[in-house]
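Below: one structure, written as structure tokens.
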Amino acid sequence: MTDSGEASNRGSQERTVVHLVRHGEVDNPKGVLYGRMPDFHLSELGREMAVRVGEYLQRNDITHLVSSPLERAQETIEPLAEVLHQEVTLDDRVIEAANDFEGLTVGQNPKQLLNPRLWPKLVNPKVPSWGEPYEQIAERMRAAVTDAREAARGHEAVIVSHQLPVWTARQSYENKRLWHDPRKRECALASVTSLTFIGDWLVSVQYAEPAADLVARASKVPGA
């Protein structure tokens with residue numbers, strides 16, 4: 001018989017993986033910076049990406065599924081949820097960052113940035129132009145990861161979120177500076193950032209792009 005101390009020590013060494021997935025391509029021909037706006041769904045290519053993510057992860061020991069409440073994230077996790085026959089928990093903490101440019105088409109019409117009300121948003125590198133501080137994004141993402149890790153203890157969990165929250169979480173876990181050049185994020189459409197824990201300790205971060213060939217065909221329009 002194993003005493004309670006030995007059992008507790010063994011349990012604390014369990015390996016748990018939390019996969020942070022960015023959603024697939026969005027149908028956004030006008031290049032709207034949609035942020036948290038409703039009714040932005042995956043494009044046909046985005047749905048192919050979602051299937052590819054499902055194929056990539058379906059053989060893993062996944063016991064817990066989480067998604068941002070936005071449609072594009074729910075549609076990305078749907079193929080995986082269907083093949084695993086698992087329910088998806090919607091978590092507001094993994095939603096897209098709050099965006100003061102929401103609804104604009106800055107990529108196609110840069111003159112919108114001439115609006116004086118937007119100027120203060122462009123001068124502080126520690127606070128992104130969309131308004132939500134990086135520290136706040138990191139805090140809510142890490143809380144969601146912790147809960148997912150606990151729910152899947154000894155197994156694996158998947159969280160489908162958005163580029164900035166996923167990248168900010170990774171930077172935070174790797175003890176790197178949160179403010180950054182958005183063009184240098186390693187977080188492509190339908191990418192998978194995998195956080196491996198032994199007990200409560202993060203031991204590795206791995207990155208994969210199971211839909212890399214599809215990403216090459218994706219729209220280059222900002223907001224896609």
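The values are calculated or read from the model by the stated rules, or taken from the named source; none is laboratory data. None of the values given here were measured: they were computed from a predicted structure. Neighbour counts run over all protein chains shown; Cβ positions are idealised from the backbone, glycine included. The area values use the complete protein model at the heavy-atom level, side chains included, leaving out ligands, DNA and RNA. Shrake-Rupley method; radii C 1.70, N 1.55, O 1.52, S 1.80 Å.
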Problem - Filtered residues of region 91-122 (kept if open to solvent by 70 Å² or more (accessible area, probe 1.4 Å) and either at pLDDT below 75 or among the aromatic types (Phe, Trp, Tyr) (or both)) - result: 108, 110, 111, 114, 116, 117, 119, 120, 121, 122
Handout entry: Considering residues of region 47-90 that are of a type in the set (Asp, Glu) and assigned to a helix (DSSP H, G or I) only, the residue least open to solvent (accessible area, probe 1.4 Å)
Key = 75
Fill in the blank from the handout: Expected output for region 33-46 (first residue open to solvent by less than 70 Å² (accessible area, probe 1.4 Å), partner among the hydroxyl-bearing types (Ser, Thr, Tyr), Cβ below 9 Å, 6+ apart or cross-chain) is 33/105; 40/34; 42/76; 43/219; 45/219; 46/76
Exercise for the section: Could you check, for region 133-142, whether at least one of its residues is modelled with pLDDT under 95 and in a loop (DSSP other than H, G, I, E, B)? Expected result: yes
Fill in the blank from the handout: Within region 21-76, the count of residues that are of a type in the set (Gly, Ala, Ser) and within 26 Å of residue 196 (Cα to Cα) comes to 6
Practice task
Could you give me the residue pairs with C-beta distances under 9 Å whose first residue belongs to region 181-208 and is free of Cβ contacts under 8 Å to residues at least 12 places away in the same chain and part of a strand (DSSP E or B), whose second residue is open to solvent by less than 40 Å² (accessible area, probe 1.4 Å) and among the β-branched types (Val, Ile, Thr) wherever it lies, and which are 6+ apart or on separate chains?
Solution key: 203/196; 204/196
Completion exercise
Selection from region 173-203 of residues open to solvent by 20 Å² or more (accessible area, probe 1.4 Å) and closer than 17 Å to residue 148 by Cα yields 173, 198, 200, 201, 202, 203
